[in-house]
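Let me begin by presenting the structure, written as C-alpha cells, before commenting on it.
The values are calculated or read from the model by the stated rules, or taken from the named source; none is laboratory data. If you're wondering where the values come from, they're calculated on a predicted model, not measured in any experiment. Note: ideal-geometry Cβ built from the backbone for every residue, glycine included; neighbour counts use all protein chains shown.
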C-alpha cells in the first residue's frame, strides 16, 4: 500500500497554494530558539530617553484614574507616559510635497512613497510584549491604534493604514522594546486588494460575507483555537507559516474604528491569551502580525482580521520562484498545540 501524498491547499479567497508537508512533520520543540540578550541600557524607546526620538505625535498620560492624551510640543518631551507614538527616524513613507506625482523614467513607471511611518511604543516597560502584557496596557495599545487611524483617515492622500508588529530581530525588529509600527500608503496594498476583490465577488453572488462564512465553519473545525464573547482565533485552512493563526471579530466589521469599548477590552484579552499561548508553546518565538482592514465603502463584503505569522521557517528557492509555499506543520496540528497552550495562560 502506498502512503498518502502531501496535500496542496488553496487559500480561502486568494489564488495562493500551500503544500501541507506532513511527511516532514516537526514537533513544536523543534522550532524553539533561544533569543540572545540585548543591551537595553541605551534603548531610545525606554523612559528617560525620550530625547532620542522625534517629538511624540500622541502621548497617553495617567490622569485621575484615566488617560489624558497629549503631544510633545516646543521641544518638550512628556514623562511618566503610558503610550508614546513617534515618527519613525527612517521612514519608508513620508508626507506629500508639492509636485509629488507619478512619473515615467527610463521607460518605467514610478510614484513617490507618500504617507506616514510611525512607531507606537506599547509600554514604558521594555519587555511588555503582548504575550506577557497586562490586559489594561493592551487596551491602551488598541485605543492608540484607533486614535492614529482616526487621524490618518482624514487625510485625502491616505488610502490604507497598515498596523503591524515585528517581534524579535529574526522577524525584522531592529529594537527590542515592545512596539508596533504604523505605515500609511497612497494605494491599497496588493494582498488586501486581492482579498477585497475576491470577497466582493462572493458578496455579488451570494449576498453573504465570505469571512463570516469562514468564521462559522472554523469555529466547529479542528483548526479552532480559542474564543471569547467577541473574538475567535483559529489556524487558517491553508496557512503559509508553521503555527500561523488568525483572530477575527465575531461581529461583521470592516476596520478597528468600529470597535466598541467592550470589544476593545475583549480584543486586548484575545491578544494576551493567543500571543501568550504562542509565547508559552514556542518559548517566545519571533513573529510578525498585521491587521487586514478596509474602508467604509467595502463594509458589506470585507471583515477585518489580524493575521499572526511565527517566523520559524525560511522561504527558499522553491517558494520564492513559484509563489507556492511549503508548511511543515498542518494547521490542525498547530491548532491542537496552540489550543492546549492558550488554555494554560
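Taking the range 80-89 as the search range and keeping residues that are assigned to a strand (DSSP E or B) and without any contact (Cβ under 8 Å) to a residue 40 or more places away in the chain, which one is surrounded by the fewest Cβ atoms within 10 Å (Cβ to Cβ)?
Filtering the range 80-89 for residues assigned to a strand (DSSP E or B) gives 83-87.
Still in the list and also without any contact (Cβ under 8 Å) to a residue 40 or more places away in the chain: 84, 86-87.
On the way: 84: 27, 86: 23, 87: 16.
Among those residues, the one meeting the criterion is 87.
Return yes or no: is residue 268 more than 27 Å from residue 200 (Cβ to Cβ), part of a helix (DSSP H, G or I) and within 20 Å of the chain's Cα centre (by Cα)? I'd like the intermediate steps shown before the answer.
Numbers: more than 27 Å from residue 200 (Cβ to Cβ): yes; part of a helix (DSSP H, G or I): yes; within 20 Å of the chain's Cα centre (by Cα): yes.
Yes.
Within the span defined as the range 211-220, one or more residues are closer than 21 Å to residue 245 by Cβ, out of contact with any helix residue (DSSP H, G or I) (no Cβ under 7 Å at 6 or more places or on another chain), outside any helix (DSSP H, G or I) and in the same structural domain as residue 293 (by TED's automatic domain parsing).
Annotation: of all residues in the range 45-79 being touching a strand residue (DSSP E or B) at 6+ places or on another chain (Cβ under 7 Å) and assigned to a strand (DSSP E or B), the one that is nearest to residue 181 (Cα to Cα) is 58.
Looking at this structure, is residue 123 part of a strand (DSSP E or B), in contact (Cβ under 8 Å) with a residue 12 or more places away in the chain and under 20 Å from the mean Cα position of the chain (by Cα)? Quick ask: steps written out before the conclusion?
Working: part of a strand (DSSP E or B): no; in contact (Cβ under 8 Å) with a residue 12 or more places away in the chain: yes; under 20 Å from the mean Cα position of the chain (by Cα): yes.
Considered against the rule, which asks whether it is part of a strand (DSSP E or B), in contact (Cβ under 8 Å) with a residue 12 or more places away in the chain and under 20 Å from the mean Cα position of the chain (by Cα), residue 123 comes out as no.
The number of residues in the range 145-186 that are under 18 Å from residue 82 (Cβ atoms) and touching a helix residue (DSSP H, G or I) at 6+ places or on another chain (Cβ under 8 Å) comes to 4. Of all residues in the range 46-71, those being under 18 Å from residue 175 (Cβ atoms) and in contact with a helix residue (DSSP H, G or I) (Cβ under 7 Å, 6 or more places away or on another chain) number 0.
Within the range 169-188, residues that are buried (at least 17 other Cβ atoms within 10 Å of the Cβ) reach partners that are modelled with pLDDT under 95 and outside any loop (DSSP other than H, G, I, E, B) with beta carbons closer than 6 Å, at six or more positions or on different chains, in the pairs 186/114. When residue 267 is tested against (1) in contact (Cβ under 8 Å) with a residue 12 or more places away in the chain; (2) surrounded by fewer than 19 Cβ atoms within 10 Å (Cβ to Cβ), only condition (2) is not met. Can you tell me which residue in the range 294-326 is surrounded by the fewest Cβ atoms within 10 Å (Cβ to Cβ), limited to those that are touching a helix residue (DSSP H, G or I) at 6+ places or on another chain (Cβ under 9 Å) and under 24 Å from residue 33 (Cα atoms)? Ranking the qualifying residues of the range 294-326, first place goes to 326.
Taking (1) farther than 20 Å from residue 174 by Cβ; (2) modelled with pLDDT under 95; (3) crowded, with 16+ Cβ neighbours inside 10 Å in turn, residue 93 satisfies each apart from (1).
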